[in-house]
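The values are calculated or read from the model by the stated rules, or taken from the named source; none is laboratory data. Everything numeric in this text was worked out from a predicted model, so none of it was measured. With ideal geometry, Cβ positions are generated from the backbone for all residues, glycine too; neighbour counts draw on all protein chains shown. Only protein heavy atoms, including side chains, enter the accessible area calculation; ligands, DNA and RNA are left aside. Shrake-Rupley method; radii C 1.70, N 1.55, O 1.52, S 1.80 Å.
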2 protein chains.
Amino acid sequence: MNPATICCRRASLHASFSRHVVNSRSIPSPSSSRAFRTSSSVLGNRAIVYSNNGDPSSVLSAITFPDLPPPPPNTANLRFLLSPINPADINVIEGVYPAKPVPHQSLSSDDSPVFVGGNEGLAEVIAVGKGVTDLKERDWVVMTKPQSGTWTSGRNVDVKDVLKVPSSELSEAEAATITVNPPTAYNMLHDFVRLQEGDWVIQNGANSAVGQAVIQIAAAKGLKTINLIRNSREDIEPLKSHLKALGAAHVATYDELSDKAFRNKVKSWTEGKDIRLGLNCVGGKVTTLMARLLGEDAHLVSYGAMSKSPLSLPTSLFIFKNLTCHGFWQSRWYDSKTSVQRAQMMDTLVGLIRDGKLQSPEHEVLVIRGQETDSDARDKICTAIARLTGGKYGKKVLLKVEETP
Amino acid sequence: MNPATICCRRASLHASFSRHVVNSRSIPSPSSSRAFRTSSSVLGNRAIVYSNNGDPSSVLSAITFPDLPPPPPNTANLRFLLSPINPADINVIEGVYPAKPVPHQSLSSDDSPVFVGGNEGLAEVIAVGKGVTDLKERDWVVMTKPQSGTWTSGRNVDVKDVLKVPSSELSEAEAATITVNPPTAYNMLHDFVRLQEGDWVIQNGANSAVGQAVIQIAAAKGLKTINLIRNSREDIEPLKSHLKALGAAHVATYDELSDKAFRNKVKSWTEGKDIRLGLNCVGGKVTTLMARLLGEDAHLVSYGAMSKSPLSLPTSLFIFKNLTCHGFWQSRWYDSKTSVQRAQMMDTLVGLIRDGKLQSPEHEVLVIRGQETDSDARDKICTAIARLTGGKYGKKVLLKVEETP
C-alpha cells in the first residue's frame, strides 16, 4: 500500500450543520436536550451508524453532523484516518457478538440509541481537553476500548480509552490495524506458555490476519511454526510460498493434516520435539486433528471458530497428556491490563514493524469522500460489507470517512 | 464395613517354596539368575499377576512365591492388608491405560516380564532396610508410585514410593482407598481455581467414588455443589438423599440437566452467582450442557470419560466466557510433587476422615485365603472383575490376598 493514497484530505472550510438521515427508520432525531453545539471549527463530520441490530444492509445509515465542540476535560477530539472493516464488526451490527457497543453520546437521545460502527481505527488528535498531558494535537492514537465506534470522520473520546502510537514509525495502514490482530497473535504466543527459542507452535487458519502475524512474531522470537490452511484454494502454492516468506517453518493443508502419515511427517519436522502451543480459529475436526499433534503439557488457545463447529477433543488428551484449553479475546486483554501494560505491548509491536519483522496484511482503502451524499456513502459501505461477508475480498478493507464540506 | 472381618490372619509357619503357575501360557518360569532365595521368615506369598496385556480372564494368574528376602538398603518389605480393584486397574491389564506397570523384579526374568496387578493399597511394614529412618515395623503405608502392583500378600518397595499413614486414625478400608479418589477430589478442588466459602462447584458422575469425595470435601470447605447423576437408575431418590446427606447442595439427573428450564433453576439455586469450577468424568452431551452453566472465567476439569464420547464445547465458551479446560490425573500429581507436599495433602485427608467429614465409599472385601489353591484364587479374582466390568457391583471391591501357609 502507498500511504500517499490515503493521506488526510484538508477539505474546504465549512461550519454549517448538515444532517441527512438516509434511513429514517433506524436513526432517530436527537432530543433537544442533546442538541448539537456548533463550534468555531471548520468541518462537518460523517459517521456510519445504526440504531437496531440486524442485517447491515437494512440497519446501517450514513449520517452527517456538525464539527465537534471543544473537548471536555480529560478527553480528546479525534479525526479518524483509517478504520478497518473487520468481520467481528459485522457480527456486532447483527447483534450476534458478545461485545455490545455503547450508544454515541451526542447522536443518541435517551430513548433512541445511535451506535457508530467499527471497533478498530487510527485517529489523529485535533484537540485535547483540560488535564490531558499525555496527548497533544497531531498525535496518532488507536482505540483500546472495545467497540468505540470508529467508522466516522471524527469523535470525542476519553483519553484513557486510546493509546498513542508513533506516527513517525508506522504507516497509516500499519497503525490502523495494530490494535486487534497483531496483539492477539503476540499475546497468544506469550500469555499461556513460556516458549523458548526453537520451540514449536502449530496453528490452523494460518493465512488469517492473526495467523500471518503469528508466523512473523514467532519467527522474530526464534519459534518454529507449523501452519495449517484450507485446501479448497486454487492458489495454494503461492499461498504456501507467501507464508514461508513470512517465516513459516512448514505449511500444510487440512487435507494433508487428515492423512494418517501426517503425524510422522510432523515428528520428522520437529525431530520428535513436543509441540507446546496450538492456536485455533477453526474448530471442528481440523482442531481435533491438530490437538492430537500437541505434546505433553501443551496449551491449545482458541480465538475463532471459522468452521462454526464446536471444539471436540478426546478427554484422554486432557487427562493423560495434560492438555489445557483456553480462549483468547483481545478485548478482554485490554480490559484486564493497565495502560502501562498496553503501552509496553504496543511498543513491542511497533518495534517489530519498524524492524521489518511484522508486515500488515494486504489491504485496500475504501474512501467515503466529503462531497458524497449520505445515501451514496451508505450504499458504498453496504456493498463493501456484502462483498466481505460473501468472501469476495481477499484483502482487508480499511475505511476512510472524510470530513464533510 | 467392620474392619474386624479383614483383620490380618496370622497363618501357620511355613518356610518351603511353593510356586504353582495356573496359567502357564502367560507366566514364564523365572530364569536361574533370578531364582528365589529362601529366607528365615515364616510365610509364603501370593500375587495376582499377568505377563501379557489382554482380557483379565485370559491373562491373569495367581502365583505363590517364597517369603521376601531381607530388604535392601532404603527399601521396606510390606504385607498388604487391603488393595482396591479399581476400574483403571482393569484397563492397565487390558493394556489400554496410558500408565504402564514396571515388571516385578523378583518374579520376572529378563525376557519374560511378570506384572503384579493393582495400583492402590494399604500395607503394613514388616521389615526395613539400612538407611530407612522414617518407617519402622508395623507402620501403615500407601503407595504413591503409580502401578506399584498391590494385588499381592507382600512385596519389597523403595521407601520413596510409599507414604506413611496413621493406623491409629483410619480404618483399613479408609487407608486402602485414600491414595486415588480422595486426593483426586481434593486436588481438583484446590489446584485450578482459588475457591472461597460460598462458591459454587458443579460436577457430573457425582455418585462415583471421586464424586462423593468431592461433595464431602467441598462441604467441609463451605463450598456448595450441584451434583449431576445418571437418570437410568431405579433407586434415584435414595441416591439423591444419600448425596445430600454427604453434603450436596443440590442433586439433579442428566434428564433434568437437558431441560431448557434447568438453567433458570440453577440460577435460582446460586442466586445468580457464577459457578466457578466444573468437574467432569463423563464427556459427551452431559458435559457440554454442564459447561454452559459455568460462569465467566470458570475452569472445567476432566478426570474421566464414562460416556466414551469426546468433550465437545462451543468455542464461544472459551473466547467470550474465558473458560479454561484442564485434565486431572492423580498419578501425574504424585509424580510432580515432593514427598513433603504428598504428606501434607495426606495429612489433610486423614484429618477430614478423623473428623468424620470424609467417608469411604461403600465397599466389600474379597479375601483370597492362604489355603486356597492358586487356581481357585485366580477364578475368584476373574469372577469379581467380570462382575465389576459388567456393572454388577454397586460397591468398591477391596482385595485381601492372604499369605500362604
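None of B:Ser83, B:Ser106 is within 25 Å of B:Lys160 (Cα to Cα), open to solvent by less than 10 Å² (accessible area, probe 1.4 Å) and hydroxyl-bearing (Ser, Thr, Tyr) except B:Ser83. Against the conditions (1) part of a strand (DSSP E or B); (2) within 23 Å of B:Gly95 (Cβ to Cβ), B:Val125 satisfies every one except (2).
Residues in the range B:169-192 include none that are surrounded by 24 or more Cβ atoms within 10 Å (Cβ to Cβ), in contact with a Lys or Arg (Cβ under 6 Å, 6 or more places away or on another chain) and among the hydroxyl-bearing types (Ser, Thr, Tyr). Highlighted here are the helices (runs of 4 or more DSSP H) found entirely within the range A:193-259 that include at least 3 residues which are in contact with a strand residue (DSSP E or B) (Cβ under 7 Å, 6 or more places away or on another chain) and open to solvent by less than 40 Å² (accessible area, probe 1.4 Å): A:209-220, A:236-246.
In this structure, is B:Asn74 under 19 Å from B:Val365 (Cα atoms) and open to solvent by 10 Å² or more (accessible area, probe 1.4 Å)?
Considered against the rule, which asks whether it is under 19 Å from B:Val365 (Cα atoms) and open to solvent by 10 Å² or more (accessible area, probe 1.4 Å), B:Asn74 comes out as no.
For the range B:139-156, the condition of being open to solvent by 30 Å² or more (accessible area, probe 1.4 Å), assigned to a helix (DSSP H, G or I) and either under 24 Å from B:Thr324 (Cα atoms) or touching a Leu at 6+ places or on another chain (Cβ under 9 Å) (or both) holds for none of the residues. Taken over the range B:158-180, the residue count meeting the criterion of being assigned to a loop (DSSP other than H, G, I, E, B), small (Gly, Ala, Ser) and touching a residue at least 24 places away in the same chain (Cβ under 8 Å) is 2. In the range B:337-370, of all residues being assigned to a loop (DSSP other than H, G, I, E, B) and touching a Ser or Thr at 6+ places or on another chain (Cβ under 8 Å), the one that is nearest to B:Ser167 (Cα to Cα) corresponds to B:Ser360.
Taken over the range B:109-137, the criterion of being out of contact with any Leu (no Cβ under 7 Å at 6 or more places or on another chain) and open to solvent by 50 Å² or more (accessible area, probe 1.4 Å) is satisfied by B:Asp110, B:Asp111, B:Lys130, B:Gly131, B:Thr133, B:Asp134, B:Lys136, B:Glu137. A:Ile385 satisfies every condition listed in (1) open to solvent by 60 Å² or more (accessible area, probe 1.4 Å); (2) in contact (Cβ under 8 Å) with a residue 40 or more places away in the chain; (3) of a type in the set (Val, Ile, Thr) except (1). Considering the range A:344-371, and only residues there that are more than 18 Å from A:Leu81 (Cβ to Cβ) and among the charged types (D, E, K, R), the residue that is farthest from the chain's Cα centre (by Cα) turns out to be A:Asp355. Selection over the range A:287-331 of residues that are of a type in the set (Lys, Arg) and at pLDDT 95 or above gives a count of 2. Suppose the filter is touching a strand residue (DSSP E or B) at 6+ places or on another chain (Cβ under 9 Å), buried (at least 22 other Cβ atoms within 10 Å of the Cβ) and among the polar types (S, T, N, Q); does B:Ser360 pass it? Answer is yes for this residue.
Taking the range A:79-119 as the search range and keeping residues that are assigned to a strand (DSSP E or B) and out of contact with any Pro (no Cβ under 9 Å at 6 or more places or on another chain), which one is farthest from the other protein chains (Cβ to nearest Cβ)? Looking at the filtered set, the residue picked out is A:Arg79.
For the range A:372-382, indicate whether the set of residues that are in contact with a helix residue (DSSP H, G or I) (Cβ under 6 Å, 6 or more places away or on another chain) and buried (at least 16 other Cβ atoms within 10 Å of the Cβ) is non-empty. Yes, the range A:372-382 has at least one match. Applying the set (1) away from every other protein chain (no Cβ under 14 Å); (2) open to solvent by less than 40 Å² (accessible area, probe 1.4 Å); (3) outside any strand (DSSP E or B) to A:Ser268 leaves exactly one unmet item: (2). Against the criterion of being open to solvent by less than 70 Å² (accessible area, probe 1.4 Å) and either farther than 26 Å from A:His242 by Cα or within 14 Å of chain B (Cβ to nearest Cβ) (or both), A:Ile368 qualifies.
Within the range A:368-380, is even one residue touching a residue at least 12 places away in the same chain (Cβ under 8 Å) and closer than 19 Å to A:Ser208 by Cα? No, the range A:368-380 has no match at all.
For residues that are more than 23 Å from the chain's Cα centre (by Cα) and in a strand (DSSP E or B), scanning just the range B:46-67, find the one that is surrounded by the fewest Cβ atoms within 10 Å (Cβ to Cβ). Out of the qualifying residues, it is B:Thr64.
If you go through the range A:372-391 and keep only what is over 18 Å from A:Gly118 (Cα atoms) and either under 20 Å from the mean Cα position of the chain (by Cα) or in a helix (DSSP H, G or I) (or both), you end up with A:Ser375, A:Asp376, A:Gly390, A:Gly391. Taking the conditions (1) at pLDDT 95 or above; (2) of a type outside the set (Ser, Thr, Tyr); (3) on the phi < 0 side of the Ramachandran plot in turn, A:Glu362 satisfies each one other than (1). A:Met346 meets all of the listed conditions (1) open to solvent by less than 20 Å² (accessible area, probe 1.4 Å); (2) facing another protein chain (nearest Cβ under 7 Å) but one, namely (2). When restricted to residues that are in a loop (DSSP other than H, G, I, E, B), more than 8 Å from chain B (Cβ to nearest Cβ) and either aliphatic (A, V, I, L, M) or open to solvent by 30 Å² or more (accessible area, probe 1.4 Å) (or both), the range A:279-336 contains 10.
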